[in-house]
1. For the residue pair residue 133 and residue 3, what label-to-label distance in nm results when each label sits 7 Å from Cα along the Cα-to-beta-carbon direction?
2. In the range 1-103, what GluC sites (Glu not before Pro) fall in a loop by DSSP, with at most 10 other Cβ atoms inside 10 Å?
3. Check cross-link reach from residue 50 to the lysines: straight Cα distance under 24 Å, and skip same-chain residues fewer than eight apart.
4. I'd like the orientation of helix 278-289 relative to the chain: the angle between its Cα long axis and the longest Cα principal axis, in ° from 0 to 90, rounded to 10.
5. Can you pull the percent of Cα pairs in the range 29-122 with separation above 16 Å?
6. Hey, rough spin-label estimate for residue 101 and residue 48, points 7 angstrom out along Cα→Cβ, what's it come to in nanometres?
7. For the chain, what is the mean residue ellipticity at 222 nm derived from helices alone (per DSSP H run of n ≥ 4: -39500 (n - 2.57); sum divided by total residues; nearest 500 deg cm²/dmol)?
8. Relative contact order for the range 139-290: what percent, with Cα pairs under 8 Å and sequence separation of 6 or more?
Amino acid sequence: MPDMEGFREANNFGLGQAQATDNFHVKGASNLPWGMKDRLTRIFNPKSGKAVLLAFDHGFIMGPTSGLERIDLSIVPLLEYADCLMCTRGILQSSIPAATNKPVCLRSDAGSSILTELNRNVLIDVEDAIRYNASAMAVMFAAGDEEREAITAANLVKAVDLGNRYGIPVMGVTAVGKQMARDARYFALASRMCAENGASIVKTYYCEGFERVAATCPVPIVIAGGKKVPELDALKLCYNAIQDGAAGVDMGRNVFQSEHPAAMIQAVHAVVHDGITAEQGYEMYQDLSK
Ligand code: R5P
């Protein structure tokens with residue numbers, strides 16, 4: 001027991017001063033429990049409210065795609081520049097040094113490859129996500145895909161139920177059904193459905209009219225980079241997405257397939273967090289590539 005001798009009476013009550021309230025920096029997350037907020041804060045920077053996720057989970061459906069043949073050589077040198085790592089548990093365990101101490105958005109569904117049909121997925125065990133200290137669980141949702149919509153919606157809902165139990169936010173990953181147009185109407189529908197079903201983060205694609213997608217989604221959206229394009233174009237994509245309301249990027253190929261991946265991720269980071277233009281970002285990319 002603490003010694004009562006010399007005990008100081010409480011006397012600093014801040015009377016007349018309202019208790020500070022927490023103006024939480026992540027969209028739609030103010031009412032979440034503390035553990036969820038802590039995990040979201042590990043992903044979204046409290047100063048900028050933004051995040052750069054480095055996506056290298058492609059192998060779970062594609063195998064050793066270009067740039068991801070040797071994670072130790074291509075990805076590990078980039079980790080220091082990422083706010084969060086998006087990958088599978090297999091790669092995390094086999095190839096990512098635990099001392100990296102970066103938040104992980106764990107790819108948490110699996111079950112199909114690009115050789116067959118996508119999205120007939122099952123969820124990994126949430127206990128494994130806890131064991132890997134995941135800051136978020138990423139799960140696909142294929143809106144508008146007649147065969148897979150229900151399966152992926154069930155996965156998403158189950159992941160949210162389990163995530164809520166243990167304080168782990170879920171990222172809904174909008175997988176575009178084959179017959180769907182990649183337009184604002186579709187992405188707004190798919191993103192909103194993810195949020196309505198309990199996702200705390202949505203990953204989707206940038207498109208014309210994206211400001212409507214972002215405005216109608218009550219949780220933060222991060223955009224995927226998509227297939228490799230010239231660096232300036234990829235930086236324009238990041239800039240436009242942020243200007244139109246995205247809370248960050250979840251970018252893979254346009255970073256790790258770049259000629260200078262470390263320079264590219266730093267330029268992306270500056271566009272996302274510091275609000276520099278794509279052209280300024282490209283200058284930065286060129287300087288850092290020398
Ligand atoms: C694809 O399998 C993954 O979900 C990727 O994380 C996602 O597509 C983002 O990567 P990229 O910027 O290469 O499109």
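All of the numbers you see were taken from the coordinates with simple rules; none came from a lab. What you see is a predicted model; the values in this text were computed from it and never measured. A quick note on method: Cβ atoms are made from the backbone with ideal geometry, for glycine too, and the neighbour counts reach across all protein chains shown.
1. Here the modelled spin labels are 3.7 nm apart.
2. Values: sites: 5, 9, 69, 80; in loops: 5, 9, 69.
Sparse-neighbourhood loop GluC sites (Glu not before Pro): 5, 9.
3. 27, 37, 102, 203, 227, 228, 236
4. Its long axis makes an angle of about 90 degrees.
5. On the way: 2626 of 4371 pairs.
Percent of Cα pairs beyond 16 Å in the range 29-122: 60.
6. 2.1 nm
7. Numbers: 12 runs with 106 residues, N = 290.
Mean residue ellipticity at 222 nm (helix-derived): -10000 deg cm²/dmol.
8. On the way: 269 pairs, mean separation 25.3, N = 152.
Contact order relative to length: 17 percent.
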